[in-house]
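Asks: Would you mind keeping the following structure in view while I ask a few things?
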Amino acid sequence: MCSAFLFRSSFRAFPSLLVSWFVAIVPRRGRSEMRHRAWAFSFALFCLLSLRTGASEFERSRRTERISGSAGDVLEDDPVGRLKVFVYELPSKYNKKILQKDPRCLTHMFAAEIFMHRFLMSSPVRTLNPEEADWFYTPVYTTCDLTPNGLPLPFKSPRMMRSAIQLISSNWPYWNRTEGADHFFIVPHDFGACFHYQEEKAIERGILPLLQRATLVQTFGQRNHVCLKENSVTIPPYAPPQKMQAHLIPPDIPRSIFVYFRGLFYDVGNDPEGGYYARGARASVWENFKDNPLFDISTEHPTTYYEDMQRAIFCLCPLGWAPWSPRLVEAVIFGCIPVIIADDIVLPFADAIPWEEIGVFVAEKDVPTLDTILTSIPAQVILRKQRLLANPSMKQAMLFPQPAQPGDAFHQVLNGLARKLPHDEIIYLKHGQLKLNWTAGPVGDLKPW
């Protein structure tokens, strides 16, 4: 599937880059239209002549570029044979029955918990003998409790997770050996195992106490944050591969949009006074660039959204309530350079994907100068980022396809777990030794589920 996402010729799209840059650097006032056009033509001719040698080089070379160094090697690792995972068989009320109640859970951005479960059930890394397992997995669908609008309600999640842990600790001896230190859980909530969609309340809650020793596989990632454990595996949010495949456009269509974004700038319902949502970064994008012709930004979500991303050079990926969003996946898949506006974000599979080389990082405080930052990036740098983004293995690593494919996000999760092996002997507890406090946490979390 991912071969269809290959990037169109970088240099053929270069005139689109020039058109966008002209708008930024040619004064719009005090010059006649004729002079404007003549100046633009002269500048285009100069740029094209300057890059003539580079152009022929690009055309002769491959349209993609392999990731250099250890990142490329890690991205292409095969986890099979490097770890064994035991999957607990839980009553269906923890997973399948919840999904039957609301099939929308299969298509929302938190669906990694469902597809990871399905993948592991038939994966060659699965073992039916828990005595030989390196890792233990508990399939709990904690985000599959949706509002009428399709947003997950995290309020029952802590009780559900506690109930599942109580079950496995009572029926199997493996949790009690380490109190979860050789167990992993998929927690794709906004703020992971803090189980709340508002950061202030998520911080107040903290990570569920019973998960303090476990490895968390989560979409949330932010350095020095109480909701991110040091040994977590940060993954991309779920984006439907088949849906994106259906919206591919011909590869020779140039990228004529300089900067693209669709989404909220303000969340009046949850942040009526403004400034708290996205820490003000999205509001700053709108206030500074809503009338800038370089920026195609709006709150509307057109039916051509995926096609538009394939016509864009830069795609904004600002934080919202959480630092992550599906836009990051969409940008990589469609070869649009992600402009990451989220201070201290920890990106998916950061030890395998060279985010610094494929993206542009803009500090939240620098959003007012975003136009200057992007128009100042040399064309050669942009073209290299696009070639790297065209690497099929890069795209594959961001997707949870059905069925699974070599190098996809499922395999990157396993790679992340394999790199944590072997476990340190210190994780194994002495008989009767306890590290976790089963009565810690908010009173509401202690109620039966």
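Asks: Between N292 and T439, 0.36 nm times their residue separation minus their Cα-Cα distance comes to what?
Replies: Here the segment from N292 to T439 would lengthen by 47.4 nm.
Asks: Same structure, new question: For the stretch 274-318, with all protein chains present and a 1.4 Å probe, just round the carbon and sulfur fraction of the accessible area to a whole percent.
Replies: About 46 percent, which is the carbon plus sulfur part of the accessible surface.
Asks: Still on this structure: Using the Kirkwood radius built from alpha carbon pairs, what does the Stokes-Einstein equation give as D for the stretch 199-239 at 25 °C and 0.890 mPa s, in µm² per second?
Replies: So the translational diffusion coefficient is about 224 µm²/s.
Asks: Ignoring any ligand, DNA or RNA, what whole percent of the accessible area of the stretch 157-236 comes from carbon and sulfur when the probe is 1.4 angstrom?
Replies: Summing carbon and sulfur atoms, their accessible area is 41 percent of the total for the stretch 157-236.
Asks: Now for a separate question. Using a probe radius of 1.4 Å on heavy atoms only, what accessible surface per residue do you get for the stretch 157-290? Whole Å² is fine.
Replies: Ligands and nucleic acids excluded, the result is 38 Å² per residue.
Asks: With just the Cα atoms defining each centre, how far is the stretch 209-268 from the stretch 364-441? Give it in Å.
Replies: 10
Asks: Ordering Y266, Y238 from largest to smallest accessible area (1.4 angstrom probe), what's the sequence?
Replies: So, going from the largest accessible area down, we get Y266, Y238.
Asks: Suppose R0 equals 41 Å; then what is the FRET efficiency for K430 and I377 from their Cβ-Cβ distance, rounded to the nearest 0.05?
Replies: The value I calculate is 0.10.
Asks: May I ask you to give the percent of accessible area on the stretch 405-449 that is carbon plus sulfur, with a probe radius of 1.4 Å?
Replies: Exposed carbon and sulfur together represent 60 percent of the surface.
The values are calculated or read from the model by the stated rules, or taken from the named source; none is laboratory data. None of the values given here were measured: they were computed from a predicted structure. Cβ coordinates were reconstructed from backbone atoms using ideal geometry, including for glycine residues, and neighbour counts include every protein chain displayed. Remember, those area values only see protein heavy atoms, side chains included, never the ligands or the DNA or RNA. Shrake-Rupley method; radii C 1.70, N 1.55, O 1.52, S 1.80 Å.
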